1. Taking Leu170 and the conditions (1) under 23 Å from His70 (Cα atoms); (2) under 19 Å from the mean Cα position of the chain (by Cα), which numbered condition does it fall short on, given that it satisfies the others?
2. Do we find that Gly92 is in contact (Cβ under 8 Å) with a residue 12 or more places away in the chain and either in contact with a Gly (Cβ under 9 Å, 6 or more places away or on another chain) or more than 25 Å from Gln46 (Cα to Cα) (or both) in this structure?
3. Step by step: first the residues of segment 180-194, then only those that are more than 10 Å from the chain's Cα centre (by Cα) and in contact (Cβ under 8 Å) with a residue 12 or more places away in the chain, then the one that is surrounded by the fewest Cβ atoms within 10 Å (Cβ to Cβ). Which residue is that?
4. For the structure I just gave you, tell me whether Pro126 is at pLDDT 95 or above and closer than 21 Å to Thr40 by Cα.
5. In this structure, does Asn211 turn out to be surrounded by fewer than 16 Cβ atoms within 10 Å (Cβ to Cβ), polar (S, T, N, Q) and at pLDDT 95 or above?
6. Being modelled with pLDDT of 95 or more, under 30 Å from His89 (Cβ atoms) and of a type in the set (A, V, I, L, M): is that true of Ile263 here?
7. Within segment 56-71, identify whether any single residue is in contact with a helix residue (DSSP H, G or I) (Cβ under 6 Å, 6 or more places away or on another chain), free of Cβ contacts under 8 Å to residues at least 60 places away in the same chain and not charged (D, E, K, R), and answer yes or no.
8. Which residues, counting only those in segment 223-254, are assigned to a helix (DSSP H, G or I), closer than 15 Å to Arg175 by Cα and not hydrophobic (A, V, I, L, M, F, W, C)?
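The values are calculated or read from the model by the stated rules, or taken from the named source; none is laboratory data. Predicted, not measured: the structure shown is a model, and the values here were computed from it. Positions of Cβ are generated from backbone atoms using ideal geometry, with glycine treated the same way; all protein chains shown enter the neighbour counts.
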Amino acid sequence: MSFESEESKKLGGIKLSTLTQRLAYAGIKEQKAALSRKATDNNIKQIQAAIMLQFGKLPAPAKIWANVRHKDFTRQVRNFMWKSIHSAHRIGTFWKHIPECEDRGICQFCNEPEDLEHIVLKCRRPGQKEIWALAKELWLKKHPSWPVLSLGSILGCGLTTFRNNNGQPLVGASRLYRILISESLFMIWKIRNNSVIKREGAAVPAHEIHNKWLYAINLRLNFDRALTNHAKFGKQNSIKTPLVLQTWSSTLMEEDKLPENWIRAPRVLVGTEQQSSHHPSPPPGRRGRNR
């Protein structure tokens, strides 16, 4: 005699007697897809709220997705942004239901759930704090105020448009901000992976973080300079010289000694020095320019 009820013979509305492996797999995929859609919707709402707070405009989801492919982002950054909004990185809750891997969802440095917001803005492991300080320091050479960062504002940085007191767009500053935020975000991710995977949890030294970020930003600067060569890259892929000059003006080392058009000048670098392994960290409150 069987004491199994009809309810116990059902799984998600399907009788166990008729459940096949294919149907079970389809049901699991559908459940995962629903969870994924919910996470994506939450991220879109975070971006909308952040942009509304920062600029007073509510971007439509379609505009958010379009700006993930912003031309000011590198291909790697575009892919990273897309996966971030879809919560598709193998971090945090991704590991929650994988046997013997649950601890991978916890930040071993902070002993807290390691979601993207934690990695990018909250983690005490050397990386995010140092990189945002560098980005802020460079930005304050260009613009008088550094916005309050949130995961939504970072993922939505492609929607950024700064304006002057007359309401006119600051094209160069807005472009620099998009580059700084997107490159810093991706560098934080790479530093985290370097620490967790390659170094088995050991922190990346501060001078190495500093120099990696500086290298990435100078790479973007020099890439911009190269792309002003219309003959080489063509109209579609090249960048106009005035836009590059507007983007990087006020951020360069010894800029007062450079020609007005420094695109072809030798040794043009952003105004932050590299650090050696023995370079002391600056005292608290000395980074950046408050103006």
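1. Evaluating Leu170 over (1) under 23 Å from His70 (Cα atoms); (2) under 19 Å from the mean Cα position of the chain (by Cα) leaves (2) as the failure.
2. Yes; evaluated as a whole, the condition is true for this residue.
3. Going residue by residue through segment 180-194, those that are more than 10 Å from the chain's Cα centre (by Cα) are 190-194.
Keeping just the survivors that are in contact (Cβ under 8 Å) with a residue 12 or more places away in the chain gives 190-192.
Details: Lys190: 17, Ile191: 23, Arg192: 23.
Within segment 180-194, the match that is surrounded by the fewest Cβ atoms within 10 Å (Cβ to Cβ) is Lys190.
4. Criteria not met by Pro126.
5. So Asn211 does not fit the description; no.
6. So Ile263 does not fit the description; no.
7. Yes, that holds for at least one residue.
8. Within segment 223-254, Asp224, Arg225, Thr241, Pro242, Gln246, Thr247 meet the criteria.
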